[in-house]
């Protein structure tokens, strides 16, 4: 039987940094990783490592924005159903073809969308404003509304040497279209950070031991899978280190297994209980603590620092994030601190989640001495959107993480936001669209 008098609560001085102070310390140590060249389709979600300029003028020639007839604008002035202008058809040009003849006075060339506009023409009359050549060899123009219109000029999209994409820009499907337009089959992107993830605690049970959860002999291990998914969505490569037992040797061995990772994330063991051994083991490895504890909820027992790795010219410092073990606390601290740091390592320019102005759909409360992040749902409808809590806000609860569209921010110094009052919401961009859909 254990001796109650032998309990050892660690006494540590808390820094109690504000959100802004904590983020500033962490982000100041983010150095972009090296670049690598990948096939363009594989660059999706990656950050471009270099600026990319156009090597061609696009479109390379004036081209038609309509199916219709290339004409001289002066020839169709005053055209109307009661006073049509009759023009002679001299050629047909389709997309991908080169015009055979110029357009002279009193002439028209049948033209398709995207086809080069023949010289001499400065307008394209849409086919709806003509008789569509009811008389073979000629066309009757019934309106002059397209005079000087429907010609897309050469270089409207880009000229040779134009800056088109910038370093730090994330490759999206739209970016893939631009890369193809630039004639690129491969692209320089920033390497993804390798992120070692270590969860801790004798009480954790993976799915193969779920019967022990049902019997009350353990709790589900949700943090590791959650954070691995979060790392993958943050342009990183997750490196699970498994679940460490509450034993220093096991913790040390697993931490050393992640020595080659760009970032180490530990989960749990971050408070001051007698089994919270993570800090002790890190100290033995030369841990340089930047700070411990922040003025936020959930997630105040969060810490950050560095482990020295390598020797000589190969020496470097591995950033270490110490996340609390409660799932909602781990989720929120990852969103606020780890995710933006990983995006910075991965070369992305915009690293923080977008915040939008919403309206509280119910009274939202938080402790006035902390910045509070509440899991909320965003109601579809007119802007500004109304937000309501998606369930109980306890830091040990999981179900609300799947329901939340965003985190309502109750700033330090504010105890509550009344229903109908404005509230800022940090969007969780990976959530589905706001408008509901019912299958038939």
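Taking segment 395-408 as the range and being within 19 Å of residue 324 (Cβ to Cβ) and either assigned to a strand (DSSP E or B) or in the same structural domain as residue 230 (by TED's automatic domain parsing) (or both) as the test, only 407 passes. Restricting 324, 298 to residues that are buried (at least 23 other Cβ atoms within 10 Å of the Cβ), farther than 30 Å from residue 384 by Cβ, touching a residue at least 24 places away in the same chain (Cβ under 8 Å) and under 25 Å from the mean Cα position of the chain (by Cα) narrows the list to 324. Of the listed requirements (1) assigned to a helix (DSSP H, G or I); (2) within 30 Å of residue 203 (Cα to Cα); (3) at pLDDT below 95, residue 335 misses just one: (3).
All conditions but one from (1) in contact with a strand residue (DSSP E or B) (Cβ under 7 Å, 6 or more places away or on another chain); (2) within 21 Å of residue 206 (Cβ to Cβ) apply to residue 294; the one that does not is (2). Confirm whether residue 202 is outside the structural domain of residue 242 (by TED's automatic domain parsing) and either surrounded by 19 or more Cβ atoms within 10 Å (Cβ to Cβ) or more than 23 Å from the chain's Cα centre (by Cα) (or both). Answer is no for this residue.
Kindly evaluate residue 424 against the criterion of being surrounded by 12 or more Cβ atoms within 10 Å (Cβ to Cβ), closer than 14 Å to residue 364 by Cα and over 24 Å from the mean Cα position of the chain (by Cα). Taking the combined requirement at face value, the residue does not satisfy it. Return yes or no: is residue 42 farther than 30 Å from residue 124 by Cα, outside the structural domain of residue 299 (by TED's automatic domain parsing) and either at pLDDT 95 or above or not in a strand (DSSP E or B) (or both)? Yes: the conditions hold for residue 42. For segment 83-97, the count of residues that are surrounded by 19 or more Cβ atoms within 10 Å (Cβ to Cβ) and not in a strand (DSSP E or B) is zero. Of the strands (runs of 3 or more DSSP E) lying entirely inside segment 108-172, those carrying at least 3 residues that are surrounded by 15 or more Cβ atoms within 10 Å (Cβ to Cβ) and in contact with a strand residue (DSSP E or B) (Cβ under 7 Å, 6 or more places away or on another chain) are 123-126, 138-141. The residue that is surrounded by the most Cβ atoms within 10 Å (Cβ to Cβ), among those in segment 364-394 that are outside any strand (DSSP E or B) and in contact with a helix residue (DSSP H, G or I) (Cβ under 6 Å, 6 or more places away or on another chain), is 390. The condition (being under 21 Å from residue 331 (Cα atoms) and modelled with pLDDT of 95 or more) is satisfied by just one residue among 359, 417, 376: 376.
The values are calculated or read from the model by the stated rules, or taken from the named source; none is laboratory data. Values in this document were obtained by computation on a predicted structure and should not be read as measured data. Note: ideal-geometry Cβ built from the backbone for every residue, glycine included; neighbour counts use all protein chains shown.
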